[in-house]
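**Student:** Next up is a structure, given as C-alpha cells.
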Amino acid sequence: MSVIEDLVQETEKCINCGFCESVCPTLPSKNYRAIYGARGRVFISKESLKEVKSHGRITLNIEDSIFSCLECYSCYYVCPAGVNPGRVSQMMRNVINRDPSRRKPVAEMIVSLIMKYGNPLGIREKMCSWAREIDFDDSSDTILYTGNMYQLMPYSSFLSKIEAKLNEKTIENMARLIKRKPGILKIIAIPDKIMMERMEKILLDIAFLLKSSGIKFRYLGKDEPYSGAFLYELGYLEEFIEYGKYIRDLFISKNVKNIITIDPHTHEAFKVLYPMYVDNFNFRVFYYLELVNIPLKKMDENLVYHQPCHFTMHEDFDIPSKFIGSIGNVILPERNGKSNFCCGGPAELLYPKLANSISMVRFKQLKEKNGNRIVTACPICFTNLSKDSTVFDIAELIYQNYSKKY
Ligand code: SF4
Ligand code: SF4
C-alpha cells in the first residue's frame, strides 16, 4: 500500500469525536488552536489528501500543524476508532516533503547533514571523545552503539537557545546557508560545557555498567554514524531507507552481529523500523539495560519516573521501571504508560518555544509528585526536563547505587 493510500484509509476512520484533543500536549501550548491538536491534524490531512487526489498538490497551509506534532502517540490510545494521529502526522510529512517548496528549511538542513556526514549537525568526529580512556574488546562482534545521541544534546540545546531568540525568517535563512556551507555550523555550534561533561559521564556510566555485567563489546568511535531516526521522524522516508542501507553495509563490513543501543529513538529505529524498511537488516538489537546484571541496593527514596514515549507508546517496553524499582520506590505521574505526556523534546529543533512550553508543563507534573529525584531514560527527555538538580538519567542512578556513591 502506498503512503497516500495508507493515509486515506487511516484518516477516513476518524469519527470526529475529539477524544484525542483531551490528551494532545501541543494543543494547550498553542492556545487551543484546533489545527495544533490531534483531531485538527487528522482533519487537515484528510482535506489535503482530497486536494492531492483532485489536483495533485496541497494548497492548504498545513506544515506547522503537521511538523509540530510530537509523535508521542497519546492520541492513539484514546481514539475509539483506532486512528493514530501521530502516525498520520509522520506520514503527512512525507507527502508535504514531495513538494520541495514546502519543506521546512531546518529539517532540510538536518537531513542534508545526516546524509552527507552521518550526523545531524555534521560533527561526527566530535562524538567519540568520551571513550578515549576505555579499553574495548576489539575482537567482539558486539558494539555499544551510542548513535551520537547523548553527545549531540549539548550542541542541540545550545542551538535551540539561539533559535528561540531569532525570528522564523532568520532561522530559515540560516538553515539554508548552513545547508549550502555546512562548515559554518562547525564554527557556531558550541556545546554547553557543563552539559557535555554530564553527558560524557553518563556514557562512561553505561559502559561501566555493561563491563561490570561481564559484557564484552567494542565501539566504532569516529566511524559510528547517527542512527537516522530523524530522517524517519521528519518524513524523509526514501532517505531513511537509503541511510539504513548505508548503516547495514557499514555494520556488515565491520563484522557487527549484535548492537547495544542506549536510547529509545535509536532502539526503535534499529529494532522496529529498519527491519521493516531495509532488506537484510539482520542484527540482534538490545537496549543496554537488558544486559545489565549487577546487584543493587534498595533505598528509601521516592523516584519519579518520566517514561520515554518511544518506549512505552511506540514499543511496549518498560525495562527501566524494573531497575528504578530495585533502587527506590517508583512513583509515576498521573500521565504515564499509554497515557504518557511527552517531554516536548521532539519539537526542539523546529519549534523551540513550543518544546520549552511543553517541557515546563511536564516538569511541573513530575515535581507535583514530591519525589526525591526525577528519573529519565532518554537523552532528549533528560535534556528537556533538566530544569533543576533533581533530574537524573537512569544510568547515573544505577551507577551511583552500584558503586555506593549514593
Ligand atoms: S479520537 Fe480518533 S476518531 Fe476521535 S477525533 Fe481523534 S482521531 Fe478522530
Ligand atoms: S502524537 Fe502527540 S502531539 Fe501528535 S497529535 Fe498525537 S497527542 Fe498530539
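The values are calculated or read from the model by the stated rules, or taken from the named source; none is laboratory data. Note that the structure is a prediction, hence the values are computed from the model and not measured. Please note: Cβ atoms are built from the backbone with ideal geometry, for glycine as well, and neighbour counts cover all protein chains shown.
**Student:** If you check F341, F382, which single one turns out to be crowded, with 16+ Cβ neighbours inside 10 Å and in a loop (DSSP other than H, G, I, E, B)? Reasoning before the result, please.
**Tutor:** Working: F382 fails: in a loop (DSSP other than H, G, I, E, B).
After ruling out the rest, the residue left standing is F341.
**Student:** I'd like to verify a number: residues in segment 10-35 that are within 14 Å of ligand 1 (Cβ to nearest atom), within 27 Å of the chain's Cα centre (by Cα), assigned to a helix (DSSP H, G or I) and not β-branched (V, I, T), how many?
**Tutor:** Summing the residues that are within 14 Å of ligand 1 (Cβ to nearest atom), within 27 Å of the chain's Cα centre (by Cα), assigned to a helix (DSSP H, G or I) and not β-branched (V, I, T) in segment 10-35 gives 7.
**Student:** Do we have N336 as surrounded by fewer than 16 Cβ atoms within 10 Å (Cβ to Cβ) and among the polar types (S, T, N, Q) here? It would help to see each step written out before you state the result.
**Tutor:** Numbers: surrounded by fewer than 16 Cβ atoms within 10 Å (Cβ to Cβ): no; among the polar types (S, T, N, Q): yes.
No: the conditions fail for N336.
**Student:** Give P182, P225 a once-over and let me know the one that is touching a Gly at 6+ places or on another chain (Cβ under 6 Å) and at pLDDT 95 or above. Please lay out each step first, then the result.
**Tutor:** Values: P182 fails: at pLDDT 95 or above.
Going through P182, P225 in turn, the sole match is P225.
**Student:** Follow-up question, since we're still on this one. From the list P80, P105, which one is within 16 Å of ligand 1 (Cβ to nearest atom), touching a residue at least 40 places away in the same chain (Cβ under 8 Å) and either at negative phi or in contact with a Pro (Cβ under 9 Å, 6 or more places away or on another chain) (or both)? Walk me through it before giving the result.
**Tutor:** Numbers: P105 fails: within 16 Å of ligand 1 (Cβ to nearest atom).
Within the list P80, P105, the selection yields P80.
**Student:** Follow-up question, since we're still on this one. If Y150 passes every condition in (1) farther than 21 Å from I114 by Cβ; (2) in contact with a strand residue (DSSP E or B) (Cβ under 9 Å, 6 or more places away or on another chain) but one, which one does it miss?
**Tutor:** Going through the list (1) farther than 21 Å from I114 by Cβ; (2) in contact with a strand residue (DSSP E or B) (Cβ under 9 Å, 6 or more places away or on another chain), Y150 breaks only (1).
**Student:** To continue, here is another question. Select from segment 1-33 the residues that are in contact with a Ser or Thr (Cβ under 8 Å, 6 or more places away or on another chain) and more than 13 Å from ligand 2 (Cβ to nearest atom) and list them in ascending order.
**Tutor:** Within segment 1-33, just L7 meets the criteria.
**Student:** Select from segment 137-161 the residues that are in contact with a Phe, Trp or Tyr (Cβ under 7 Å, 6 or more places away or on another chain) and part of a loop (DSSP other than H, G, I, E, B) and list them in ascending order.
**Tutor:** Those that are in contact with a Phe, Trp or Tyr (Cβ under 7 Å, 6 or more places away or on another chain) and part of a loop (DSSP other than H, G, I, E, B): D137, S140, G147, N148.
**Student:** I'm trying to understand the selection: among the residues of segment 40-77, which are within 17 Å of T11 (Cβ to Cβ), within 14 Å of ligand 1 (Cβ to nearest atom) and part of a loop (DSSP other than H, G, I, E, B)?
**Tutor:** Result: C69, Y73, C75.
**Student:** Next question, about the same structure. Looking at segment 198-212, can you tell me whether even one residue there is charged (D, E, K, R), more than 30 Å from I252 (Cα to Cα), in a loop (DSSP other than H, G, I, E, B) and within 21 Å of the chain's Cα centre (by Cα)?
**Tutor:** no
**Student:** Sort through R93, R103, R124 and tell me the only one that's within 16 Å of ligand 2 (Cβ to nearest atom) and not polar (S, T, N, Q). Step through it out loud before you land on a result.
**Tutor:** Values: R103 fails: within 16 Å of ligand 2 (Cβ to nearest atom); R124 fails: within 16 Å of ligand 2 (Cβ to nearest atom).
Answer to the check: R93.
**Student:** In segment 344-353, what residues are part of a helix (DSSP H, G or I) and in contact with a Leu (Cβ under 9 Å, 6 or more places away or on another chain)? Show your work before the answer.
**Tutor:** Going residue by residue through segment 344-353, those that are part of a helix (DSSP H, G or I) are 345-347, 352-353.
Hits for segment 344-353 are G345, P346, A347, P352.
**Student:** If you check V95 against the conditions, is it more than 16 Å from ligand 1 (Cβ to nearest atom), hydrophobic (A, V, I, L, M, F, W, C), part of a helix (DSSP H, G or I) and not assigned by TED's automatic domain parsing to the domain that holds L177?
**Tutor:** Details: more than 16 Å from ligand 1 (Cβ to nearest atom): yes; hydrophobic (A, V, I, L, M, F, W, C): yes; part of a helix (DSSP H, G or I): yes; not assigned by TED's automatic domain parsing to the domain that holds L177: yes.
When the stated conditions are applied, V95 passes them.
**Student:** Right, here's the next one. Scan segment 65-85 for residues that are closer than 19 Å to K30 by Cβ and within 8 Å of ligand 2 (Cβ to nearest atom) and report the count.
**Tutor:** Matching residues across segment 65-85 total 9.
**Student:** Please identify the pairs in which a residue from segment 247-259 that is assigned by TED's automatic domain parsing to the domain that holds I143 has its Cβ atom under 7 Å from the Cβ atom of a residue that is of a type in the set (G, A, S) and modelled with pLDDT of 95 or more, counting only partners at least 6 apart or on another chain.
**Tutor:** Matching pairs, first to second residue: I247/G228.
**Student:** How many residues does segment 210-224 contain that are surrounded by 20 or more Cβ atoms within 10 Å (Cβ to Cβ) and under 20 Å from M127 (Cβ atoms)?
**Tutor:** So in segment 210-224, the residues surrounded by 20 or more Cβ atoms within 10 Å (Cβ to Cβ) come out as 210, 215, 217, 219, 224.
Applying the additional criterion that residues be under 20 Å from M127 (Cβ atoms) yields 210, 217, 219, 224.
Residues flagged as surrounded by 20 or more Cβ atoms within 10 Å (Cβ to Cβ) and under 20 Å from M127 (Cβ atoms) within segment 210-224 amount to 4.
**Student:** Ok, one more. Going through Q90, Q151 one at a time, which residue ends up being within 16 Å of ligand 1 (Cβ to nearest atom), under 15 Å from the mean Cα position of the chain (by Cα) and under 22 Å from F311 (Cβ atoms)? Let's see the steps before the verdict.
**Tutor:** Numbers: Q151 fails: within 16 Å of ligand 1 (Cβ to nearest atom).
Checking each option against the conditions leaves just Q90.
**Student:** Can you name every residue in segment 271-308 that is assigned to a loop (DSSP other than H, G, I, E, B), touching a residue at least 60 places away in the same chain (Cβ under 8 Å) and of a type in the set (S, T, N, Q)? Lay out the reasoning, then the answer.
**Tutor:** Our first condition is that a residue be assigned to a loop (DSSP other than H, G, I, E, B); within segment 271-308, this holds for 278-283, 291-301, 306-308.
Subset that is touching a residue at least 60 places away in the same chain (Cβ under 8 Å): 291-297, 299, 301, 306-308.
N293, Q307, listed by residue number.
**Student:** Have a look at Y150, Y155, Y145, Y117 and point out the one that is among the aromatic types (F, W, Y) and in contact with a Ser or Thr (Cβ under 7 Å, 6 or more places away or on another chain).
**Tutor:** Just one listed residue meets the conditions, Y145.
**Student:** For segment 162-178, indicate whether the set of residues that are modelled with pLDDT of 90 or more, among the β-branched types (V, I, T) and in a helix (DSSP H, G or I) is non-empty.
**Tutor:** No, there is no match, as no residue in segment 162-178 is modelled with pLDDT of 90 or more, among the β-branched types (V, I, T) and in a helix (DSSP H, G or I).
**Student:** Please verify whether segment 308-315 includes one or more residues that are of a type in the set (F, W, Y) and within 15 Å of the chain's Cα centre (by Cα). Outline the logic, then answer.
**Tutor:** Looking only at segment 308-315, we keep the residues that are of a type in the set (F, W, Y), and these are 311.
From the residues that got through so far, the ones that are within 15 Å of the chain's Cα centre (by Cα) too are 311.
Scanning segment 308-315 turns up at least one residue that is of a type in the set (F, W, Y) and within 15 Å of the chain's Cα centre (by Cα).
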